[in-house]
Protein chains: 2
Amino acid sequence: MARKTDLLPGTLDMLILKTLTRGSLHGYGIALSIKNLSDDILTVEEGSLYPALQRLLLQGWVKAEWKSTETNRRARYYTLTAAGRTQLSHELSQFEQMIAAITRVLQGA
Amino acid sequence: MARKTDLLPGTLDMLILKTLTRGSLHGYGIALSIKNLSDDILTVEEGSLYPALQRLLLQGWVKAEWKSTETNRRARYYTLTAAGRTQLSHELSQFEQMIAAITRVLQGA
DNA sequence: TTTCTATCCATAGACAGCCTATATATCTGC
DNA sequence: GCAGATATATAGGCTGTCTATGGATAGAAA
């Protein structure tokens, strides 16, 4: 049974944090942004996104406040915290290191 | 609680299959090969490796036979099958696509 | 010769993370 | 009035990796 995932497991938090560096967004907007930037390759399901946001809130990597959208709908806007920025840079460097390592194995050099 | 993984989840099968394209190996040898090629970045724990090999056997992507090593020890040598090669190429292209997509999101372009 | 280290295989149980399914509600366009 | 897009959220399940454990042999060191 091949992979069922719409993204690489372990990369969701990083993608969300990175998306928020471009400004505060509500959950739905985060999902759309990732989907669009990735040309529909990465799809963040609601059942993945909202639990992930709860985790990030708990860790203190993002904060949230209720506002209304441009179209007058209630939505919860998430903003990256200082700790979130630090965490993101950790995850980014770890990720790059891993990709480099995997690439070496795949090239068998 | 940051990541606990020694590799990117979802990449283990691919790494094993790729490693076997360079010839038959026993489990321990596969683990060493991945560890060495990745400069110790990727560590395949035994509790991940052997279950993974059982899965690959079940799927028919590798076959196994008991032999003795150069140092006269009994060991189970795994060999890539034709189906395994096909599977590997699928996983490789999917992986590359994902990395490309993630890179686009991380660069925010 | 005893002990330590490296080699070698394998399973059980725990846990994290993502998915499916479901629920609720509002706004827009037809 | 109804469909579809917008918007948040939880429960439950599944998969994959890790930790922990078990066993066994070879070779080196003490």
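The values are calculated or read from the model by the stated rules, or taken from the named source; none is laboratory data. Small disclaimer: the values here were computed from a predicted structure and weren't measured. Neighbour counts run over all protein chains shown; Cβ positions are idealised from the backbone, glycine included.
Give me the pairs, please: first residue somewhere in the stretch B:33-53 and surrounded by fewer than 17 Cβ atoms within 10 Å (Cβ to Cβ) and of a type in the set (Asp, Glu), second residue anywhere and at pLDDT below 95 and not in a helix (DSSP H, G or I), beta-carbon distance under 8 Å, and either six or more positions apart or on two chains. Within 8 Å, the pairs are B:Glu45/B:Asp6. Listed by position, the helices (runs of 4 or more DSSP H) enclosed by the stretch A:5-94 that each have at least 1 residues that are farther than 20 Å from B:Gln107 by Cβ and within 9 Å of chain B (Cβ to nearest Cβ) are A:46-59.
Among the residues of the stretch B:56-68, are any touching a residue at least 12 places away in the same chain (Cβ under 8 Å), surrounded by 17 or more Cβ atoms within 10 Å (Cβ to Cβ) and more than 21 Å from A:Pro9 (Cα to Cα)? Yes, because at least one residue in the stretch B:56-68 is touching a residue at least 12 places away in the same chain (Cβ under 8 Å), surrounded by 17 or more Cβ atoms within 10 Å (Cβ to Cβ) and more than 21 Å from A:Pro9 (Cα to Cα). When the stretch B:95-109 is filtered for residues that are part of a helix (DSSP H, G or I) and either under 21 Å from B:His26 (Cβ atoms) or without any contact (Cβ under 8 Å) to a residue 60 or more places away in the chain (or both), the ones remaining, listed by number, are B:Glu96, B:Gln97, B:Met98, B:Ile99, B:Ala100, B:Ala101, B:Ile102, B:Thr103, B:Arg104, B:Val105, B:Leu106, B:Gln107.
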